[in-house]
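What follows is a single structure, written as structure tokens, with notes after it.
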Amino acid sequence: DELQVQDVVTWTALIDGYTEHGHGEEGLKCFEDMQLCGISPNVVTFICSLKACSIIGATVKGEEIHAEIERRGLLGGNLVASTLIDMYAKCGSLTKAEQVFDKLPGQDTSTWNSLISGYSQYGHSERALNCFKRMQYNGVRPDGVTFVCILNACGNIRAEAQGNALH
């Protein structure tokens, strides 16, 4: 509040600070306040705001931000796309996450990881494993995050099998 110049960088730092400390609602409030002040968000601002949506499950706000990203032609970057896929997945909108993924001109490890993680997180282990196979088939190299997601998916399958055996 005491800064003489409040630009997109300072607003984005504030949004990111709130979000990184688990205060997504405050982060999104700053995002709205920034725009009310006439300051236009940049790619980093959108990424931080999508992360804020992720932690509080604000799917509707995430959809609004998604629409603005598309209007500005910013979806081409895989970091933005990956964050968008992650936001939809964390909010439980796996169909929308997959739609964003499928529209991309090219998928990299981070976009695959976001989709695989979302499926794994919500117990869609077979879909996560199928994505992993597709990822490899398409020549995209998995990384450590990929393997953690796949191990989580395999753990879910095992837990389901054990649960079924008990009944």
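The values are calculated or read from the model by the stated rules, or taken from the named source; none is laboratory data. Please read all numbers here as calculations on a predicted model, not as lab measurements. Cβ: placed from backbone, ideal geometry, glycine included. Neighbour counts: every protein chain shown. When the accessible area is computed, the model is the full protein with side chains, heavy atoms only, and any ligands, DNA or RNA have been set aside. Shrake-Rupley method; radii C 1.70, N 1.55, O 1.52, S 1.80 Å.
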Residue check, V140 in a helix (DSSP H, G or I), surrounded by 13 or more Cβ atoms within 10 Å (Cβ to Cβ) and either out of contact with any strand residue (DSSP E or B) (no Cβ under 8 Å at 6 or more places or on another chain) or of a type in the set (A, V, I, L, M, F, W, C) (or both): no
Would you confirm whether or not the range 36-45 contains a residue that is touching a residue at least 12 places away in the same chain (Cβ under 8 Å), open to solvent by less than 30 Å² (accessible area, probe 1.4 Å) and over 20 Å from D7 (Cα atoms)? no
Which pairs have Cβ atoms under 8 Å, sit 6 or more apart or on different chains, and link a residue in the range 68-93 that is open to solvent by 60 Å² or more (accessible area, probe 1.4 Å) to one that is part of a helix (DSSP H, G or I)? L79/V43; L79/I47; L79/S110; K90/S54; K90/I55; K90/G118; K90/Q121
